[in-house]
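Asks: Sharing a structure, written as structure tokens. Questions coming.
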Amino acid sequence: MTTIDLRTRYLGLELKNPLVAGASPMTGHIAQLKALEDAGVAAVVLPSLFEEQIEHDEMELARLRDFGAEGSPEATNYFPELTSYRTGPDAYLAQLEQAKRELSIPVIGSLNGVSSGGWVRYAKLFEQAGADAVELNIYYVATDALASAEAVEQRYLQLVQQVRAAIGIPLAVKIGPYFSALAQMALRLQQAGAHGLVLFNRFMQPDIDLESLQVRPGVELSTSAELLLPLRWIAILKGRVALSLAATTGVHTAHDVVKLLLAGADVTMLASALLRHGTAYPRQLLQQLGTWLEQNDYSSVEQLKGSMSQLHCPDPAQFERANYMKALMSYSSPT
Amino acid sequence: MGSDTASTTVTLDGNEAAARIAYLTNEVIAIYPITPASAMGEFADAWAAEGDPNLWGTTPQVIEMQSEAGAAGAVHGALQAGALTTTFTASQGLLLMIPNMFKIAGELTPTVFHIAARTLATHALSIFGDHSDVMATRSTGWAMLCANSVQEAQDMALVAQLSTLRARVPFLHFFDGFRTSHEVNKIVSLPLEDVRALLDEGLVRAHRARALSPDRPALRGTAQNPDVFFQAREACNPFYAAVPGIVSDTLDAFAARTGRRYRLFEYYGAPDAERVIVLMGSGVGAVHEAVAALQAQGSKVGVLAVRLYRPFDGEAFVAALPPSVRSLAVLDRTKEPGALGEPLYQDVLAALHEAWDGGPGASRPLPQVIGGRYGLSSKEFTPAMAKAVFDHLAEPKPKRHFTVGIVDDVSHTSLRWDADFDTEGKDTTRAVFFGLGSDGTVSAVKNTVKIVGENTPLHAQGYFVYDSKKSGSITVSHLRVSPRPIHSTYLIQRANFVACHQFGFLERLDVLSYAEPGATFLLNSPYGAAEVWQQLPRETQQQIIDKRLSFYVIDAAKVAQEAGMPGRINTVMQTCFFGLSNMLPRDEAIAQIKDAITKTYHKRGEAVLRRNYAAVDATLQGVAPVTVPARATSTLQRHSFAALDGTSDFFKRVTALILSGHGDLLPVSALPADGTFPVGSAIWEKRSIAAEIPIWDDTICTQCGLCAIVCPHAAIRMKTFAPAAASGAPAGFVTRPWTGKEGPAGAAMRIQVAPEDCTGCGVCVDVCPARSKEVAKHKAINMQPKEPHLERERANFAFFAALPESDRRTIATDGVKGSQLLEPLFQFSGACAGCGETPYLKLLSQLFGDRMVVANATGCSSIYGGNLPTTPWSANAEGRGPAWANSLFEDNAEFGLGMRLALDQQRTLAHQLVRELRSELQPALGQAAYDALLLPQPRSEEGYAEQRARVAELKRQLVRLGDQPSAERLASVVDALVERSVWIIGGDGWAYDIGFGGLDHVVASGRNVNILVLDTEVYSNTGGQASKATPRGAVAKFAASGKPSGKKDLGMIAMAYGNVYVAQIALGAQPRQTIRALLEAEAYPGPSLVIAYSTCIAHGIDMTTSMTHQKDAVKSGYWPLYRFSPQGADHPGGKPFALDSRKPAMPIKDFVATEARFAMLAQAKPEQAQQLLALAQQDVDERWRLYEQLAGVERNVPQ
């Protein structure tokens, strides 16, 4: 048993180690959440509540109830009226409340919204249900050729400001990497009231089914190779912004965790790894993490965190654009 | 369920009013759906599902039975075991209860059946209201208590319950179907405490004490012999004698408790009236108004309303009449052909005779009595008609028997009435709203009635008229608002507010005929106030000018769209009504509408509420007044069905009037006396309800025929023809060379849409497999806005339809392509857009239509197949086509079997007579032809054509033989020599439930009938109640928590006989297997049963995917495809069972996730849904395991 101090702070929350179960189907049921807690994760992020999904369900229900209704003298409608349809966020909030009741680790609610009213309303409900923090999962595909990058960024900032103003619990923002000036964006999100960034949102990307010529959602689990993108940006941001940094995407092995902590992550979030290996997997990771730290003479995670950030690493230029050139050059034939 | 202690006003309809009391005062409720009583059962089931308690704090057991006969049996048993028990029904359902009703009454068992009185099917079925059903039960020995209004439907429900417990005589509590059952009105509720106070618990205990119990065993239902039966039957007399007194006492107690005073016979009118109308039911309201108006003019008239009809208390009746009465008109809402008069008339005569024959009336002259029929099948009955009756009574020699409300130019029974006689209160808001079933107009008006009724001191009444279409149905909502209670039990004739929620109606309907001078006219219009005038038909313009209407427009579709509710204009139009009618201050009205939205939609969720609120807020600024010019200048004219070219004389005289909304004007002589109607009139209707229609791209089309085979309305067709036939075609009539093997070589082909018959469901486009290589979304047919294509496609369709049909003998019909070259003889029905049933019927009509006889069970298929005004079953150019009839819901298999027996008998006779006439016929026909007449025909189109030719020649020879008896006899049955295809068609409610016993008997008969079950897995026609075909886990009415038991395997039951051809098919999944199964079923010389998966709006799927969805039903093993052919030789190794679908390759959860009937349970009750889903998966797995084994079983059935 390791004696290394694995504790870390994320969004102002004291966590017993840097492993967090990120938002995924693996955090969708109380039994899984309890198993994850048993396996040692320090916090859980519930799956995203999609405002769009809620609205869709409600409107579909209304459409269903109205369809064919009052069109025939013989049938005023075609379905019985149920006591409740549990539309809206009720089921999600009930799950959040149950998770808070039955877990001792922090529980973070994740919210994917489409309208400013929706974000604020649901974030408040999360807080009322006992969430320890809110993670805003902003997923906006800017397809409008007439909308400027500045306008899009303003939307992000306004959302964060509005939600910040509405709740008292910590607020993390999960974003994608596609910003022209990501570092500045991070700073502006901080100024807008975010307490932390979750890097990065791994968007579902559409795929084409060659059989049916239909566009289908493409869902692939991540691999360790994908962690390089968050690793770079965490290394760059660490020390430049006063934000907690969470690494997500590509966290599969203890070495992945170590690398991200070295780059400056406060926590690392597991999703694909849990889907692939199951809820007991964090126990193994924690053991390996402890062993690595021990073998490499680290006494605590705090000691490790950010020690290889761009500000602290021996060769900061490696994290910059030149990196690509250098990589190419390193593969060049010796002259 | 209402207040516990205090009387409050509530706004509801008659069904809910009666059901509330029935639910409170009973412990067991056995139900079965039937219009217009279904809602009572649905209410009871919904309340029980929520655990609402009855008077004794328990939740009544509510159970759906397999038929009304079953419900009555269950009620009888529950009563015998001591439970307070009830049921709800109407019409044919009540008839099915009659045997048990005799028993229940004979055993002096207290119960109340609540009846929404409805027409009995005679020359035609009618779902509407009259008293023919309750009158058919007069001899059962039940007391009959009539409620005349929504308020009374509540009050008399309790009076009946209280009285039956005391009297031990069972009660029918009835009120008029639709007029009362569906009228929404403001009434004073009966609080629980009043019910409790009035109900004598001692009588409940006495009922329980009489129950069967092994602790005090007794027998009931003995068989008695001539020695004692008669005496025993007379032993009940004192109980009946006591009933009027008991009801009278109950009414007194009721009045003392509630302040509402009712009497056995209620007189209203002049104390010195000389002319009195006697009637019962909702018509009392109309007569009341006439009496009030005539009295005000000094007439000595009155009305006597009958409440307790059985036992008929003659003395009380006479006592209730004013002594001054000289003549009585007794109105019956039923018809008893052959009787001296209708029932109430006869009772009145008998009562008067007894009273005057030595009774209390003897000192006065006997009043003259005449009897009239009115209001059959919800025929309008107005104060003007009541006045006509009073006027007629004043004539020196009135007709002893008359009718009112129709023009009888055959028997000359009818009275004329003055349509201008108006009794409506001048301070009553009278509004009429024209809408589509799908646009929410009726819901909005119901909400308006509730808003006014429940939040203001005003009274409100709503009544709703629907047409019989299931797609694009037109609704007319009648709304009255008044400072006084509203008893006007008739449609509004003079509206001061008319709203037309669909612009297109103006072209077809005389919407403004309802508007009184100076009324407000609100039109939902895509055109603004400045442009709309020129878009109106000239007739509408003239009416607006002549009646000096205040004319407003709003683009409600736009407001709804912008609020995020495309197509749902109800909230917008409702807000307009409040804004323009000034019934309430505008701000208050807005607040009330929003409050009503919250009440109506709160269960749907916040998004729905927000969008409706947004629609309300955006509405009033969109309403614009239209400046009305002085002259009508439009060149547009309202559509005239009567002016259509090419229609029959019958169509012009009759159908055209019905289509134009003037069916009420048709005289008796216009209508067939025996219910026989010509086929094929749906083709003239051209409802043009689609916004988008499929447009063919010939350059991509592979000519597969899938679009045509799946079309629910036969609105997209494929035809081949000689290229020369297309010369002279309209511009744009593109054709392609036919690439199929079917038909003549070198033919041309075309896919053609019937643009005005298409409902725009998009199923054809969804199944089209041919895509553009450049733009993947572009297919060989594509939905496009109708208007730009309408004119061209209309001309194209007319040309296409006139092209000769393919020669059936040259077509291989066992594939999709070939089958779709056959002419559909079922077309343009009023079925739902995307209906999953109708493609099967259309296919049957293509394959067998010209020699097909159809027995059709009551249900959706009898409504879209046989509900006037038009008929979709059609004939071909030779005049041949399916002959169709509907008997009942419960007897369809037997009905069809009867047809088979008749045809077989005729063929036997024909054979016998052909043999008898051998010496005359054989030389004339030739040996070969003569012999062939008697031989079994080859089952091919060639064979049928040859036999028809032989029969035609035979007929000519019979003419030659003149009046020889054998020849004449043979001529009357000779057509039976051509093989007839008998099809017994119906839904799962019939086949699995109410008609199962008959179906079982018919398949066991070994006779050559073909049974097609259109399995939607619910009672679709009455609104989606669960049947035994409903799968486990699906939510349906009467299965609100998901059906706990699995679907009955009807096919397996039939297969057990061994000699029945059985197939399970799904057209959208494997059309070729469907065609093959239908051909095999038809060819099999014994009974065949084909169970067809039929998608339905009650499944909660996107009906555009109605057919492609079936692929997943099959892929998941939810709906396995198979054929069981007793002619085992067709199958290798004599294995009769062929499994046509592949092993399930998709979990059931993925399939059901796409259907709301399952998904709503997963959302509402996830744990229960999960449990049921696990069982449903086991159902699928186990059934597949069984079928796989069956597929290997060798079986021979001795034939």
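The values are calculated or read from the model by the stated rules, or taken from the named source; none is laboratory data. Computed from a predicted structure; not experimentally measured. Here the Cβ positions follow ideal geometry from the backbone for every residue, glycine too, while neighbour counts run over all protein chains shown.
Asks: For B:Gln161, indicate whether it is closer than 21 Å to B:Ala17 by Cα, surrounded by fewer than 24 Cβ atoms within 10 Å (Cβ to Cβ) and touching a residue at least 12 places away in the same chain (Cβ under 8 Å).
Replies: Values: closer than 21 Å to B:Ala17 by Cα: yes; surrounded by fewer than 24 Cβ atoms within 10 Å (Cβ to Cβ): no; touching a residue at least 12 places away in the same chain (Cβ under 8 Å): yes.
So B:Gln161 does not fit the description; no.
Asks: Could you check, for the range A:244-251, whether at least one of its residues is surrounded by fewer than 24 Cβ atoms within 10 Å (Cβ to Cβ) and in contact with a His (Cβ under 7 Å, 6 or more places away or on another chain)?
Replies: yes
Asks: For the range B:487-554, give me every one of the strands (runs of 3 or more DSSP E) that falls completely inside it and has 2 or more residues that are surrounded by fewer than 22 Cβ atoms within 10 Å (Cβ to Cβ). Let's see the steps before the verdict.
Replies: Numbers: elements: B:495-500, B:515-524, B:550-554.
Where strands (runs of 3 or more DSSP E) fall fully within the range B:487-554 and carry at least 2 residues being surrounded by fewer than 22 Cβ atoms within 10 Å (Cβ to Cβ), they are B:515-524, B:550-554.
Asks: When the residues of the range B:24-41 are filtered to those that are crowded, with 24+ Cβ neighbours inside 10 Å and free of Cβ contacts under 8 Å to residues at least 60 places away in the same chain, which remaining residue is farthest from the other protein chains (Cβ to nearest Cβ)?
Replies: Filtering first and then ranking leaves B:Ala30.
Asks: Any residue in the range B:595-612 that's under 20 Å from B:Val449 (Cα atoms) and within 8 Å of another protein chain (Cβ to nearest Cβ): show its pairings with residues that are among the aliphatic types (A, V, I, L, M) and part of a helix (DSSP H, G or I) at Cβ separation under 9 Å, as long as the two are six or more apart or on different chains.
Replies: B:Tyr601/A:Ala62; B:Tyr601/B:Val608; B:Tyr601/B:Leu609
Asks: Continuing with the same structure: Can you name the residue in the range B:165-212 that is aromatic (Phe, Trp, Tyr) and within 27 Å of A:Ala75 (Cα to Cα) and is also nearest to the chain's Cα centre (by Cα) among such residues? Working first, answer last.
Replies: Looking only at the range B:165-212, we keep the residues that are aromatic (Phe, Trp, Tyr), and these are B:171, B:174-175, B:178.
From what's left, within 27 Å of A:Ala75 (Cα to Cα): B:174-175, B:178.
Working: B:Phe174: 20, B:Phe175: 19, B:Phe178: 12 Å.
For the range B:165-212, the residue satisfying everything is B:Phe178.
Asks: Exactly one condition in (1) buried (at least 23 other Cβ atoms within 10 Å of the Cβ); (2) away from chain A (no Cβ under 14 Å); (3) at pLDDT 95 or above is false for B:Ser482; which is it?
Replies: It is condition (1) that B:Ser482 fails.
Asks: Of (1) within 14 Å of chain A (Cβ to nearest Cβ); (2) crowded, with 19+ Cβ neighbours inside 10 Å; (3) out of contact with any Ser or Thr (no Cβ under 7 Å at 6 or more places or on another chain); (4) in contact (Cβ under 8 Å) with a residue 40 or more places away in the chain, B:Ala1162 satisfies all except one. Which?
Replies: (4)
Asks: Check B:Arg168, B:Arg179, B:Arg196 and return the single one that is among the basic types (Lys, Arg), in contact with a Lys or Arg (Cβ under 9 Å, 6 or more places away or on another chain) and farther than 18 Å from B:Tyr262 by Cα.
Replies: Values: B:Arg179 fails: in contact with a Lys or Arg (Cβ under 9 Å, 6 or more places away or on another chain); B:Arg196 fails: in contact with a Lys or Arg (Cβ under 9 Å, 6 or more places away or on another chain).
Criteria check complete, one pass: B:Arg168.
Asks: I need the full set of residues from the range B:996-1026 which are more than 14 Å from chain A (Cβ to nearest Cβ), surrounded by 23 or more Cβ atoms within 10 Å (Cβ to Cβ) and either more than 21 Å from B:Ala1056 (Cα to Cα) or under 23 Å from the mean Cα position of the chain (by Cα) (or both), in order please. Quick ask: steps written out before the conclusion?
Replies: Here is the first cut: in the range B:996-1026, the ones more than 14 Å from chain A (Cβ to nearest Cβ) are B:996-1015.
Still in the running and surrounded by 23 or more Cβ atoms within 10 Å (Cβ to Cβ): B:999, B:1002-1003, B:1009-1015.
Across the range B:996-1026, the qualifying residues are B:Leu999, B:Ile1011, B:Leu1012, B:Val1013, B:Leu1014, B:Asp1015.
Asks: With the requirement that a residue be in contact with an Asp or Glu (Cβ under 8 Å, 6 or more places away or on another chain) and hydroxyl-bearing (Ser, Thr, Tyr), what does the range B:1065-1091 give you?
Replies: B:Ser1088
Asks: Is it the case that some residue within the range B:1041-1052 is within 22 Å of B:Tyr1187 (Cα to Cα), more than 12 Å from every other protein chain (Cβ to nearest Cβ), over 18 Å from the mean Cα position of the chain (by Cα) and among the polar types (S, T, N, Q)? Show your work before the answer.
Replies: Filtering the range B:1041-1052 down to residues within 22 Å of B:Tyr1187 (Cα to Cα) leaves B:1045-1052.
After this cut, where a residue has to be more than 12 Å from every other protein chain (Cβ to nearest Cβ) as well, the list is B:1045-1052.
If we keep only those that are over 18 Å from the mean Cα position of the chain (by Cα) as well, we get B:1045-1052.
Subset that is among the polar types (S, T, N, Q): B:1045.
There is at least one residue in the range B:1041-1052 that is within 22 Å of B:Tyr1187 (Cα to Cα), more than 12 Å from every other protein chain (Cβ to nearest Cβ), over 18 Å from the mean Cα position of the chain (by Cα) and among the polar types (S, T, N, Q).
Asks: For the range B:404-463, what are the residues that are in contact with a Lys or Arg (Cβ under 8 Å, 6 or more places away or on another chain), of a type in the set (S, T, N, Q) and in a loop (DSSP other than H, G, I, E, B)?
Replies: Those that are in contact with a Lys or Arg (Cβ under 8 Å, 6 or more places away or on another chain), of a type in the set (S, T, N, Q) and in a loop (DSSP other than H, G, I, E, B): B:Thr413, B:Thr428.
Asks: Here is a follow-up. Is there any pair linking a residue in the range B:219-247 that is charged (D, E, K, R) to one that is surrounded by 10 or more Cβ atoms within 10 Å (Cβ to Cβ) and modelled with pLDDT of 95 or more, with Cβ under 8 Å and at least six apart or on different chains, and which?
Replies: Within 8 Å, the pairs are B:Arg220/B:Gln80; B:Arg220/B:Glu107; B:Arg220/B:Leu212; B:Arg233/B:Gly106.
A quick yes/no check of all residues on (1) out of contact with any His (no Cβ under 9 Å at 6 or more places or on another chain); (2) closer than 20 Å to B:Ala319 by Cα:
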site: B:Ala211; (1), (2): yes, no
site: B:Pro217; (1), (2): yes, no
site: B:Phe230; (1), (2): yes, no
site: B:Asp252; (1), (2): yes, yes
site: B:Gly259; (1), (2): yes, no
site: B:Ala273; (1), (2): yes, yes
site: B:Met280; (1), (2): no, yes
site: B:Ala290; (1), (2): yes, no
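Asks: Could you tell me which of the residues B:Ser438, B:Ser443 is out of contact with any strand residue (DSSP E or B) (no Cβ under 8 Å at 6 or more places or on another chain), under 30 Å from B:Thr871 (Cβ atoms) and in contact (Cβ under 8 Å) with a residue 24 or more places away in the chain? Step through it out loud before you land on a result.
Replies: Numbers: B:Ser443 fails: under 30 Å from B:Thr871 (Cβ atoms).
Just a single option satisfies the conditions, and that option is B:Ser438.
Asks: Within the range A:65-108, track down each residue that is within 30 Å of B:Ile474 (Cβ to Cβ) and either of a type in the set (D, E, K, R) or more than 13 Å from every other protein chain (Cβ to nearest Cβ) (or both).
Replies: A:Arg65, A:Asp66, A:Glu70, A:Glu74, A:Glu81
Asks: For the range A:46-60, how many residues meet the condition of being touching a residue at least 24 places away in the same chain (Cβ under 8 Å) and within 12 Å of chain B (Cβ to nearest Cβ)? It would help to see each step written out before you state the result.
Replies: Restricting attention to the range A:46-60, the residues satisfying the condition of being touching a residue at least 24 places away in the same chain (Cβ under 8 Å) are A:46-52, A:54-55, A:57-58.
The next check asks that each one be within 12 Å of chain B (Cβ to nearest Cβ); those that pass are A:51-52, A:54-55, A:57-58.
The total comes to 6.
Asks: Test A:Pro80 against the criterion of being touching a Phe, Trp or Tyr at 6+ places or on another chain (Cβ under 8 Å), more than 26 Å from B:Arg611 (Cα to Cα) and free of Cβ contacts under 8 Å to residues at least 24 places away in the same chain, and give yes or no.
Replies: Values: touching a Phe, Trp or Tyr at 6+ places or on another chain (Cβ under 8 Å): yes; more than 26 Å from B:Arg611 (Cα to Cα): no; free of Cβ contacts under 8 Å to residues at least 24 places away in the same chain: yes.
It is false that A:Pro80 is touching a Phe, Trp or Tyr at 6+ places or on another chain (Cβ under 8 Å), more than 26 Å from B:Arg611 (Cα to Cα) and free of Cβ contacts under 8 Å to residues at least 24 places away in the same chain.
Asks: While we're on this one: Quick check: anything in the range B:324-335 of a type in the set (A, V, I, L, M), under 30 Å from B:Pro36 (Cα atoms) and assigned to a helix (DSSP H, G or I)? Full working, then the answer.
Replies: Applying the first criterion (of a type in the set (A, V, I, L, M)) to the range B:324-335 yields B:325, B:328-331.
Still in the running and under 30 Å from B:Pro36 (Cα atoms): B:329-331.
Subsequent filtering for residues that are assigned to a helix (DSSP H, G or I) retains none.
Looking through the range B:324-335, none of the residues is of a type in the set (A, V, I, L, M), under 30 Å from B:Pro36 (Cα atoms) and assigned to a helix (DSSP H, G or I).
Asks: Mind checking whether some residue in the range A:26-35 is at the interface with another protein chain (Cβ under 8 Å from one of its Cβ atoms), in contact with a helix residue (DSSP H, G or I) (Cβ under 7 Å, 6 or more places away or on another chain) and not β-branched (Val, Ile, Thr)? Walk me through how you get there before you give the answer.
Replies: Looking only at the range A:26-35, we keep the residues that are at the interface with another protein chain (Cβ under 8 Å from one of its Cβ atoms), and these are none.
No: zero hits.
Asks: Here's a check for you: in the range B:756-801, which residue that is within 33 Å of the chain's Cα centre (by Cα) and of a type in the set (Lys, Arg) is nearest to B:Gly472 (Cα to Cα)?
Replies: B:Lys786
Asks: Restricting attention to the range B:902-931, report how many residues are part of a helix (DSSP H, G or I) and either under 50 Å from the mean Cα position of the chain (by Cα) or on the phi > 0 side of the Ramachandran plot (or both).
Replies: 18
Asks: Which of (1) out of contact with any strand residue (DSSP E or B) (no Cβ under 7 Å at 6 or more places or on another chain); (2) within 25 Å of B:Val765 (Cα to Cα) does B:Arg1142 not meet, given it meets every other one?
Replies: Every condition holds for B:Arg1142 apart from (2).
Asks: Same structure again: Of all strands (runs of 3 or more DSSP E) completely enclosed by the range A:163-212, which ones contain at least 2 residues that are modelled with pLDDT of 95 or more? Walk me through how you get there before you give the answer.
Replies: Details: elements: A:171-175, A:196-199, A:205-209.
The qualifying strands (runs of 3 or more DSSP E) are A:171-175, A:196-199.
Asks: Still on this structure, I have one more. Return the residue satisfying two criteria in turn: it lies in the range B:336-364 and is in a loop (DSSP other than H, G, I, E, B) and at pLDDT below 95, and of such residues it is nearest to B:Arg275 (Cα to Cα).
Replies: In the first step, residues of the range B:336-364 are kept if they are in a loop (DSSP other than H, G, I, E, B); the result is B:336-342, B:357-364.
Adding the requirement that they be at pLDDT below 95 leaves B:357-364.
Numbers: B:Asp357: 22, B:Gly358: 23, B:Gly359: 22, B:Pro360: 20, B:Gly361: 17, B:Ala362: 19, B:Ser363: 19, B:Arg364: 15 Å.
So, considering only residues that are in a loop (DSSP other than H, G, I, E, B) and at pLDDT below 95, the one nearest to B:Arg275 (Cα to Cα) is B:Arg364.
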